[in-house]
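The block underneath contains the structure these notes are about, expressed in structure tokens.
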Amino acid sequence: MDLGEFMTFEQEWAELRAAAAERTAMQTNSIPADGGGGGGGGNDLVVNRDDLGAIGNDAYDLLGRLAKEGDIARPSTFDAATALTNGNFVSGSAVLKVHDFWQTHLKTLLDACAQISNHLDYSKAQHAKDEAKIEGDLARISVLTEYMK
């Protein structure tokens, strides 16, 4: 194979930089005056999928139900464990372990539901902020590109 067919690193790098600059110029020049991003009009970064909203709502509903209904048996279980222990029954400590185990796992599940619900709300708000920032940045780049012509 002829070594003359190979590009040097500097040649290849210059070619890649030129291609990237051309793509950037084409993308920047295709931004509509109304501020839409990406040349396709409208928002490119949008989080409003119904299934994500449904998951968030389900997590919030589950959180509410678990907070109310997941604790129904706790007082009577604790009372039973105390009564059994006070009556010198060995099973009293086992019932108390079940009570404590349930409380730990209920709290973990409540925290997980709250995190899912809160994270989906946060993500949607953050993506809206990101979209506004990107639109502003692209508008400034467009103005600078026009200025530099």
Inside the stretch 129-149, can you point out the residues that are assigned to a helix (DSSP H, G or I) and without any contact (Cβ under 8 Å) to a residue 40 or more places away in the chain?
Lys129, Ala132, Lys133, Gly136, Asp137, Arg140, Val143, Leu144, Glu146, Tyr147, Met148
Given the conditions (1) at pLDDT 75 or above; (2) farther than 25 Å from Asn118 by Cβ, which single one is not true for Gly42?
(1)
Among the residues listed as Val95, Val90, the single one being open to solvent by less than 80 Å² (accessible area, probe 1.4 Å) and of a type in the set (A, V, I, L, M, F, W, C):
Val95
I'd like to verify a number: residues in the stretch 117-136 that are open to solvent by less than 80 Å² (accessible area, probe 1.4 Å) and under 23 Å from Leu62 (Cβ atoms), how many?
4
Being β-branched (Val, Ile, Thr) and either at pLDDT 90 or above or surrounded by 14 or more Cβ atoms within 10 Å (Cβ to Cβ) (or both), is that true of even one residue in the stretch 59-74?
no
Looking only at the stretch 101-116, filter to residues that are of a type in the set (Val, Ile, Thr) and surrounded by fewer than 13 Cβ atoms within 10 Å (Cβ to Cβ); which one of those is farthest from Ala59 (Cα to Cα)?
Thr104
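The values are calculated or read from the model by the stated rules, or taken from the named source; none is laboratory data. In this text the structure is predicted, and so the values were computed from the model without any measurement. Ideal geometry is used to build each Cβ from the backbone, glycine not excepted, and the neighbour counts take in all protein chains shown. SASA here: full protein model, heavy atoms, side chains in, ligands and nucleic acids out. Shrake-Rupley method; radii C 1.70, N 1.55, O 1.52, S 1.80 Å.
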